[in-house]
Each structure stands twice: as C-alpha cells, then as structure tokens.
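Right, one structure below, let's go through it.
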Amino acid sequence: MPSKSVQIITYPEVSLLDLAGPLDVFIAANHFAHPDNPPYSLSILSLSRTTEIFSNFSLNAAILEAETPAAHTLIVPGGPGIHKFCDHPKFFTQFVRHSEKAKRLVSVCTGIFALATAGKLDGRNVTTHWSAYDKLELDFPLAKVRRGPIFINDGDLWTSAGVTSGIDLALAIVEADLGHAAALEVARHLVVFLKRPGDQNQFSSSLTLQSNSSQFSDLHAWLNANLSGDLSVFSLANFMNMSERTFARKYREANGCTPSKMVEKIRLEAARHMLVTSRTPLKTIAHKCGLGNEATLIRCFMKNYAVTPGEYRARFKSSEETRK
C-alpha cells in the first residue's frame, strides 16, 4: 500500500502541541509499520521558510508553492497566529489552491478558521476549541458548529477541539486508515487512551462545576471523595451550613442545575471512568459510585448516553485494559 502524504501547515505563533501531537501519532504509526512500507509520508509546510513560534524560537519548514505535491491529508493546527495566517498575501493563491487538491482536510483547535476562510465548512458538521465557538458561528454561519465534542469526522473533513484533542483525532485517523490494532499500538506507545470518543465533552462535569462557582468548590471536592455515601440535599446543605431551601436555591443560581442533577452527573462520570480504566464488575461500580445497584446504573446510562455500560466499556476501554 503506498504511503499517504500527510502535510502539516505551520505559521508564526502556531500552537506547538496542536502541531506536534498529531505529528507524533503519525511518526509512531510509521515506526511500528514495516520499514520498507511506512503508511505515511510526513512534511511540514509554511508560506515562508522560517516561522517564529515565540520569541527566539522558530521552526524551519518547506515552503508551500504551486508545485508542492498534493497532500492526501492536509492538517492545519491552531494557535494565536491563525487569523494572521488567513490574512497572509499567499493564503488564497497558495494555501487555498493547495487545499483543493487534498483528499482529507483536518483542523486542530482554531486551525478550523483557515478551512472556514477557504470555504470548506459550508453545511458541514464541525467543532473547535470551546473559546472559539461564538466567533466561528458568527463569522461562518453556514458551518454546523457542534459544541462539546473533542473531534468530529464529516466525510473527508476532520475537525477537533483544542490542544491534546488533536492526538485523539490523529489516533482516530490512524484507526480509519490502518485498523484498530495499529492505532492501539500507537496509543500504547504514546501512553494515551485509545481512543477518547469523539463525542466526549471537552470538559468533565467536575471541572465545569469548579469553574462555575468558587462558593461550592469545597463541596464538589468533598462529594467526589464520598460518591458512595449519603449525598442527599439534606447532607449537602448540612456540609455548607445552610438550610435545604437556601442551599438548593443558591446552588441552582450558581451552577444552573439542581444539586440532585449535579450529583447524578458526577456519579455517572465516575462510573464512565471506571468502565474504561478497569475490569471492575458493574455491580461494584454501581456501589462505589453511589448508584445503588447494577439495574440503576444501566437505567441511568441508557437515559443519559443511549448505550448500556457494557456497550460503552466495549467501545471505549483504555489501551491498557485492552492489552490485558
């Protein structure tokens, strides 16, 4: 099978992890393949030979020119300089024309703005870093921006959220190209999960709650350590030294959900984590996460994720658990 050409665009103020994360995935895929038949031919391209990433640190890259061979997969990382890249005098004459030849277009984080400016997002399902949702929707209203997923594949277009999600996206591409076993070997090498589901939210419930309100940060830390205990509204209000009524009102005002709903979210998130990182029986997971019994765990999973815990574990278990 001939190598697929993977070209990664760089520019001044690109995010190094947005670039290096996917690059390392493809390098590892080549490393584990037969030396006479690497699956990927890798190159880094720029509109100018040297691009300054930050003060006193630059990358050298091949210049993207009219005669540059077409890419099978063209990747645009994100970074603070993406909008200046889109304003570059050669953006349309070189980058956009080159992107027309690619069989697969990929963006990491805010790199999506280059594909949007090139007219590649109209009517397509896409995602990006959470901080860029509003601008992307405002500037490119024909794009179908999905808020939350860490990456999305819509035909020949792949888009991801920020930073480390580019690794998840690249692993998914390797799996699509070379199969599960090859992607699993790369994931083990990089010591990452194979693979976080694309529709996994960019934030954990706990992180979101911590960022919403400092008033209840101690409460959230306490309940994460006591998931199997009594987490009734009475117990939570008692922890906060409030009456139940006052606590319920203030909590909803600060976090946008009821205390009971918050407890269910965090318990389910803990259950999801145990499912993909251990072989713990469902009955034990239900008990440890405060969900009572296996039947309740299954019912809550079906209601919130439309899959059973067993199906979720089979699909998203970590590379370490798959190896055992």
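Over the chain, what is the percentage of antiparallel beta bridges among all DSSP beta bridges, to the nearest 5?
Details: 9 of 30 bridges.
Around 30 percent of the beta bridges assigned by DSSP in the chain are antiparallel ones.
From Cα coordinates alone, what are the radius of gyration and Dmax values for the stretch 36-126 in angstrom?
Values for the stretch 36-126 (Cα only, Rg and Dmax): 13.5, 41 Å.
Straight-line reach from K144: which aspartates and glutamates have Cα under 13 Å away, leaving out those fewer than 8 places along the same chain?
D122, D134, D154
Please return the longest stretch of the chain lacking exposed loop sites, where GluC sites (Glu not before Pro) count only if DSSP places them in a loop and at most 13 other Cβ atoms lie within 10 Å. Present the calculation step by step, with values, prior to reporting the outcome.
Values: sites that count: E65, E67, E100.
Answer - 101-324.
Starting from the alpha-carbon convex hull of the stretch 4-190, give the projected area averaged over all orientations, in nm². Don't skip to the answer; put the middle values down first.
Details: hull surface 41.2 nm².
Mean projected area of the Cα convex hull: 10.3 nm².
Please compute the modelled spin-label separation between H189 and I27, points set 7 Å along Cα→Cβ, answer in nm with one decimal.
With each label point 7 Å from Cα toward Cβ, the separation is 1.0 nm.
In debye, nearest 20: dipole of the chain around its Cα centre with unit charges on the Cβ of K, R (+) and D, E (-)? Present the calculation step by step, with values, prior to reporting the outcome.
Values: 35 positive and 30 negative charges, 200 e Å.
Dipole size: approximately 960 debye.
Residue by residue, what Karplus-based ³J(HN,Hα) values in Hz, rounded to whole numbers, does the stretch 225-237 have, using 6.51, -1.76 and 1.60 with θ = phi - 60° and x for Gly and Pro?
8, 9, 4, 8, x, 7, 10, 5, 4, 4, 5, 5, 5
Would you list which aspartates and glutamates come within 20 Å of K283, measuring only between C-alpha atoms, while excluding same-chain residues fewer than 8 positions from it?
D230, E264, E269, E294, E311, E321
For Y40, enumerate residues with amide H under 5 Å from its amide H, sequence gap 5+ or separate chain, H modeled in the peptide plane.
Hits under the 5 Å cutoff: K4.
Can you list the HN-Hα couplings for the stretch 17-31, worked out from phi with the Karplus curve (6.51, -1.76, 1.60; θ = phi - 60°), rounded to whole Hz and with x for Gly and Pro?
Each residue's phi maps through the Karplus curve to give 5, 4, 7, 6, x, x, 4, 5, 4, 6, 4, 5, 4, 5, 4 Hz.
Obtain the radius of gyration and the Kirkwood radius of the stretch 80-138 from its C-alpha atoms and give Rg over Rh.
Radius of gyration relative to Kirkwood radius: 0.94.
Taking a cut-off of 33 Å, what percent of all Cα-Cα pairs in the chain are separated by more than that?
Numbers: 19193 of 52326 pairs.
That tail contains 37 percent of the Cα-Cα pairs.
Spin-label point model (7 Å from Cα, Cβ direction): what's the D156 to M1 distance in nm?
1.9
Among all the aspartates and glutamates, which ones have a C-alpha under 19 Å from K90's C-alpha, if same-chain residues fewer than 8 places away are not counted?
E13, E52, E65, E67, E100
Every number in this text was worked out from the coordinates using simple rules, so none of it is lab data. Since this is a predicted model, take the numbers as computed values, not measurements. Cβ atoms come from the backbone with ideal geometry, glycine included; neighbour counts cover every protein chain shown.
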